[in-house]
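> This is the structure I have questions about; it appears just below.
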Amino acid sequence: MENVTAKTIETKVAEAILQQPMGVVTLRGIKYTICHPSPATLIMVSQLCADLPPINGKGNVLTEILRTAKDSAVIGKIIATLILGAKRVKENKMIEITRTRSSRSLWRRFFGLPDKQTVVTEKVAEIDYFAEMLLEEISPAKMNEIALDLFAYSEIADFFALTTSLSVANLLKRTKEVGIASGD
């Protein structure tokens, strides 16, 4: 992802309103434009984060990483959702991919013949394909950099303020509905 430099609030607001890209990620020759995450994207990412395995902060870091890595494939989907955005993910775009599969029968093994190559075309969800590409082709350091850049410009503090104020308003509303018992 291209580096995102410090910008004024006015510039960030203008870019968000005009949906100007924050950067570009290129994987397997395909350029993916990264826009500012919307509240819908943050909600979707929050739902995906709930699928992450619990991490014990105590003890050996290497052991903990190896213990939880098998259940952490959702990280690719989290980063892919941040890059593509909730709107595009909800479109459920399908991509046709061509894979070569090899199979070796007992007969081929017996006669020392090479594996049989079969070309298969299948349709997969864009989000799943993109998440798989991220996990296979980008280093953990680069994924961390992309995530931090996206979170830095996603106005999480504003989203938190909004949800907190709405929660407080909800609590106040319930208090008003209960009422106060009179001494009559």
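> What FRET efficiency comes out for the pair Thr118/Lys31, r = Cβ-Cβ distance, R0 = 22 Å, nearest 0.05?
Working from the Cβ atoms, E equals 0.10.
> Determine, for the range 15-145, the count of lysine pairs separated by eight or more sequence positions (or lying on different chains) whose alpha-carbon distance falls under 23 Å.
Taking the Cα cut-off of 23 Å, the pair count is 16.
> Is the range 40-119 rounded, prolate or oblate when judged by the Cα gyration tensor, a ≥ b ≥ c being the square roots of its eigenvalues, rounded requiring a/c under 1.5 and prolate requiring a/b larger than b/c?
Since a/c reaches 1.5 but b/c is at least a/b, the shape of the range 40-119 is classed as oblate.
> How much length would be gained if the chain were fully extended between Arg109 and Glu126, taking 0.36 nm per residue of separation minus their Cα-Cα distance, in nm to one decimal?
Length gained between Arg109 and Glu126: 2.4 nm.
> Can you sort Arg104, Arg67, Arg88 so the residue with the fewest Cβ neighbours within 10 Å comes first?
Working: Arg104 11, Arg67 14, Arg88 18.
Listing Arg104, Arg67, Arg88 from fewest to most nearby Cβ atoms yields Arg104, Arg67, Arg88.
Since every read-out is calculated from the coordinates, none of them should be taken as a lab result. Predicted model only: the values in this text are computed from it and were never measured. Methodologically, a virtual Cβ is constructed for each residue, glycine included, from the backbone with ideal geometry; neighbour enumeration extends over all protein chains shown.
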